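Peer 1: Dropping the structure in here first, questions after.
The values are calculated or read from the model by the stated rules, or taken from the named source; none is laboratory data. Remember, it's a predicted structure, so these values are computed and weren't measured experimentally. Here Cβ is always computed from backbone atoms with ideal geometry, including for glycine, and neighbour counts include all displayed protein chains.
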Amino acid sequence: MPDRVYEGGCLCGAVRYEATGPVRASGWCHCRICQRAIGAPAVPWGSFFMENFRWTKAKPSLHHSTDKAERSFCPTCGSSLTFRYLDSDPAEIDLTLVSLDDPNALRPQWHIWTMSAPSWHEYDDGLKRYQDNGPDRSLDPDLPSPLGAPGPR
């Protein structure tokens, strides 16, 4: 059976992408960097190996949100599209789940960086919550880390 293809893009349609499964992880990030970059109390991400990802229409603008990470966004409409650590091994890229053509295609599995969640933001969805970036992959390298996150996104 072939891997599932996930397609998505920005609000105005200028930038498009395609990712093929398997998805490495999917979850909500509540860190302050994501909050400020997106303008929302949390961001749902889905992680894919870079080798399974490609831009299919135009290329986005890039912003280095930290010295170790970059985010992509449409230069026309400003839609946030991806996040990636520059030194991740293996190389992974995180897609904003709501930029998928079918935002129901992937369901978040957990919440990370909940210590940064605003007190007024309620999320009683039964998903596992982590105060920081989640389980330690060094204890089990086969465990998909919450979005491969070694620190705030």
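Peer 1: Please specify each residue of segment 22-41 satisfying the condition of being buried (at least 16 other Cβ atoms within 10 Å of the Cβ) and closer than 15 Å to LEU106 by Cβ.
Peer 2: Passing the criteria: VAL23, ARG24, ALA25, SER26, GLY27, TRP28, CYS29.
Peer 1: Out of HIS121, HIS111, report the one residue that is at pLDDT below 95 and either among the β-branched types (Val, Ile, Thr) or in contact with a strand residue (DSSP E or B) (Cβ under 9 Å, 6 or more places away or on another chain) (or both).
Peer 2: HIS111
Peer 1: Continuing with the same structure: Given the conditions (1) free of Cβ contacts under 8 Å to residues at least 60 places away in the same chain; (2) part of a strand (DSSP E or B), report the number of the one that GLY126 does not fulfil.
Peer 2: (2)
Peer 1: Every residue in segment 109-118 that is crowded, with 22+ Cβ neighbours inside 10 Å and part of a loop (DSSP other than H, G, I, E, B), please. Break it down stepwise before answering.
Peer 2: The first filter runs over segment 109-118 and keeps only residues crowded, with 22+ Cβ neighbours inside 10 Å, leaving 111-113.
Scanning segment 109-118 gives a single hit, TRP113.
Peer 1: Which pairs do you get when a residue that is free of Cβ contacts under 8 Å to residues at least 40 places away in the same chain, found in segment 79-97, comes within reach of a residue that is assigned to a loop (DSSP other than H, G, I, E, B) and surrounded by fewer than 21 Cβ atoms within 10 Å (Cβ to Cβ), reach meaning Cβ atoms under 6 angstrom, with the pair 6+ apart or on two chains?
Peer 2: Within 6 Å, the pairs are LEU86/LYS68.
Peer 1: Here is a follow-up. In contact (Cβ under 8 Å) with a residue 12 or more places away in the chain and in contact with a Cys (Cβ under 9 Å, 6 or more places away or on another chain): is that true of ASP101 in this structure?
Peer 2: Numbers: in contact (Cβ under 8 Å) with a residue 12 or more places away in the chain: yes; in contact with a Cys (Cβ under 9 Å, 6 or more places away or on another chain): no.
No.
Peer 1: Given the criterion surrounded by 21 or more Cβ atoms within 10 Å (Cβ to Cβ) and farther than 23 Å from TRP110 by Cβ, identify the matching residue among SER61, SER72, SER47, SER80.
Peer 2: On the way: SER61 fails: surrounded by 21 or more Cβ atoms within 10 Å (Cβ to Cβ); SER47 fails: farther than 23 Å from TRP110 by Cβ; SER80 fails: farther than 23 Å from TRP110 by Cβ.
Going through SER61, SER72, SER47, SER80 in turn, just one is surrounded by 21 or more Cβ atoms within 10 Å (Cβ to Cβ) and farther than 23 Å from TRP110 by Cβ: SER72.
Peer 1: In segment 95-107, how many are crowded, with 19+ Cβ neighbours inside 10 Å and modelled with pLDDT under 95?
Peer 2: Going residue by residue through segment 95-107, those that are crowded, with 19+ Cβ neighbours inside 10 Å are 95-97, 99-100, 106.
From what's left, modelled with pLDDT under 95: 106.
Of the residues in segment 95-107, 1 are crowded, with 19+ Cβ neighbours inside 10 Å and modelled with pLDDT under 95.
Peer 1: How many residues, within segment 71-99, are part of a loop (DSSP other than H, G, I, E, B) and either in contact with a Leu (Cβ under 6 Å, 6 or more places away or on another chain) or not β-branched (Val, Ile, Thr) (or both)? Steps first, answer last, please.
Peer 2: Within segment 71-99, the subset part of a loop (DSSP other than H, G, I, E, B) is 74-79, 86-91.
Applying the additional criterion that residues be either in contact with a Leu (Cβ under 6 Å, 6 or more places away or on another chain) or not β-branched (Val, Ile, Thr) (or both) yields 74-75, 77-79, 86-91.
Adding up the residues that qualify gives 11.
Peer 1: Now a separate question. Count, please, the residues in segment 73-97 that happen to be of a type in the set (Gly, Ala, Ser) and either over 14 Å from GLY8 (Cβ atoms) or over 16 Å from the mean Cα position of the chain (by Cα) (or both). Even if it seems obvious, please write down each step before you answer.
Peer 2: Here is the first cut: in segment 73-97, the residues of a type in the set (Gly, Ala, Ser) are 78-80, 88, 91.
Of the ones still in play, those that are also either over 14 Å from GLY8 (Cβ atoms) or over 16 Å from the mean Cα position of the chain (by Cα) (or both) are 78, 88, 91.
Going through segment 73-97 one residue at a time, the tally reaches 3.
Peer 1: Is there a residue being in contact with a Lys or Arg (Cβ under 9 Å, 6 or more places away or on another chain), surrounded by fewer than 22 Cβ atoms within 10 Å (Cβ to Cβ) and modelled with pLDDT of 95 or more anywhere in segment 4-11? So that I can check it myself, show each step before the final result.
Peer 2: Just the residues of segment 4-11 that are in contact with a Lys or Arg (Cβ under 9 Å, 6 or more places away or on another chain), to begin with: 7-10.
Then keep just the ones that are surrounded by fewer than 22 Cβ atoms within 10 Å (Cβ to Cβ); that gives 7.
With the extra rule that they be modelled with pLDDT of 95 or more, the set shrinks to 7.
Yes, there is a match, as at least one residue in segment 4-11 is in contact with a Lys or Arg (Cβ under 9 Å, 6 or more places away or on another chain), surrounded by fewer than 22 Cβ atoms within 10 Å (Cβ to Cβ) and modelled with pLDDT of 95 or more.
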